[in-house]
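What follows is one structure encoded as structure tokens, with my remarks underneath.
The values are calculated or read from the model by the stated rules, or taken from the named source; none is laboratory data. Values in this document were obtained by computation on a predicted structure and should not be read as measured data. Every residue, glycine as well, gets a Cβ built from its backbone with ideal geometry; the counts of neighbours run over all protein chains shown. These accessible areas exclude ligands, DNA and RNA; they are computed on the full protein's heavy atoms, side chains included. Shrake-Rupley method; radii C 1.70, N 1.55, O 1.52, S 1.80 Å.
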Amino acid sequence: MSVEKINWISVIERVLRNERPAVTELIQAAQTPLFTFCFHLCKNKQLAEDLTHDALLKSLSSLSQLQNQESYLPWAKKIARHLFLDYLKASENSKVHLQFDELPESADFTQDPISVEQIHASRTLQLLDEEDRTLLILIDIQEMSYEDAAVTLDHPIGTIKSKLSRARDKFSVLYNDNGTKSLADSSIRQELELKKKISN
Amino acid sequence: MHDDQNQNETPSGLKALRSVPLQPSAFLATRVQRNFESSATRPKLDQKKNKASFLVGTGLMALALVVVGFWQLNAFIPPTKSNEPVFALGKPYLIRMDIREISHAEIAYAEISLGGDNIQFSSEKFKHIQRDKTIRIAAKSFSQKQYLPVVVEGVENGKAQVTVRFYNDRHELVTTRQMDLNFMGPKT
């Protein structure tokens, strides 16, 4: 189901009237953008699924508190982000650390092959701090508007713009760092070639 | 999409990530819907937050309590003929359920039940919990812990049980921990 085509206000009103098909419709429409957001945030498929699940459940349970129903998706992403921050905090407290630098397996994305550029970009994204990463995911990858990003991040639009500019600069420096990039690319290429050989 | 003159452009690497088609598993939607519907028909875990806080926050009470553990009960408490530990009446006991061998990834929530009319949950802060015989707590309250703390108190002489059942998100029983207690002595 296309996210653009869905009428969030109508669906949410029907969910609030306890119409079961509307719940299905909402979940179907929201799960992919939410999962994509969560996956880029944590780069771990299982964790991304759990975050998406919890964010959807939490948003459905507190749907009546949502003031602007058109902002459902940015609001649900805000919930997912807070769940991720809680998870990070809990992991830190228990000395369990996430492994961000694992190579994204093709199974983690789709069956389609992924390019060296995509892997390198994905790795670079993980080098940024959480807020910069979230901004770039929302605006540059998911093409969210500044207004919606402001809802997710709970910042004024002006702040979003200035933080975005700085986050892009940081990303570009890391991404275009020739030495690192060529090193990273060569190691990624080697790994991709190895995988190709194994699958053949 | 963003037409600000002063805004730097989207880096090319990030544009490349737009075309990575990510999809959650086919079961996610069903899982969410099922859990949403079941949460609408049973008491919500969130509503039990105060109870969970009571269980998790028992550290403050710990000084005033006798601490016992499943794995060393006999070392602390004189056994009866049947080897059940004996507890005094009217005194809160902190029982630490050993959950180190439980796979936390599987567990969605735990249900703590008290067997016997002579035992009750104990909390200074949440007096109402004494009326409950069963409480349910979300896994996130104890997922990072090695022990699940339960505070109980005996009100009459006799045997009682504390049972903790761990369930997955399909409400299927994963594992159970049970402890038999024997309350004996005058009321304090």
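Enumerate the calculated ³J(HN,Hα) couplings along the stretch B:12-17 in order (Karplus 6.51 cos²θ - 1.76 cosθ + 1.60, θ = phi - 60°), each rounded to whole Hz, writing x wherever the residue is Gly or Pro.
3J(HN,Hα) across the stretch B:12-17, in whole Hz: 4, x, 6, 4, 5, 6.
Could you work out how much longer the chain between A:Gln126 and A:Ser64 gets when fully extended? Use 0.36 nm per residue separation minus the Cα distance between them, nm to one decimal.
18.9 nm
What is the calculated FRET efficiency for B:Lys15 to A:Asp169, with r their C-beta to C-beta distance and R₀ = 22 Å, to the nearest 0.05?
Numbers: r = 16 Å, r/R0 = 0.73.
Efficiency for this residue pair is about 0.85.
May I ask you to give the solvent-accessible area per residue for the stretch B:92-188, in square angstrom, as obtained with a 1.4 angstrom probe?
Details: 4690 Å² over 97 residues.
Per residue, the stretch B:92-188 has an accessible area of 48 Å².
So how much accessible surface do B and A hide from each other in total, probe 1.4 Å, in square angstrom to the nearest 100?
The contact between A and B buries close to 3700 Å².
Any chance you could check the Cα centroid distance between the stretch A:23-95 and the stretch B:158-181 for me, in angstrom?
31
Provide a whole-number value for the mean count of partner chain Cβ atoms within 10 Å of the Cβ atoms in peptide A:119-132.
Taking the mean over all residues of the peptide, I get 2.
Counting only protein heavy atoms, probe 1.4 Å: which residues of the stretch B:121-147 lose 50 Å² or more of accessible surface in the full assembly compared with their chain by itself?
Those residues are B:Gln144.
Does any residue of the stretch A:32-46 lose at least 20 Å² of accessible area with all protein chains in place compared with its chain alone, and if so which ones (probe 1.4 Å)?
Relative to the lone chain, where solvent access is computed with a 1.4 Å probe, the stretch A:32-46 loses at least 20 Å² at A:Thr32, A:Phe35, A:Thr36, A:His40.
Accessible area per residue, 1.4 Å probe, Å², for the stretch A:1-99: what's the number? Intermediate results must be reported in sequence, preceding the final value.
Values: 4760 Å² over 99 residues.
Ligands and nucleic acids excluded, the figure is 48 Å² per residue.
Run the accessible area of the stretch A:1-99 with a 1.4 Å probe and give the carbon-and-sulfur part as a rounded percent.
Values: 2170 of 4760 Å².
In the stretch A:1-99, the share of accessible area belonging to carbon and sulfur is 46 percent.
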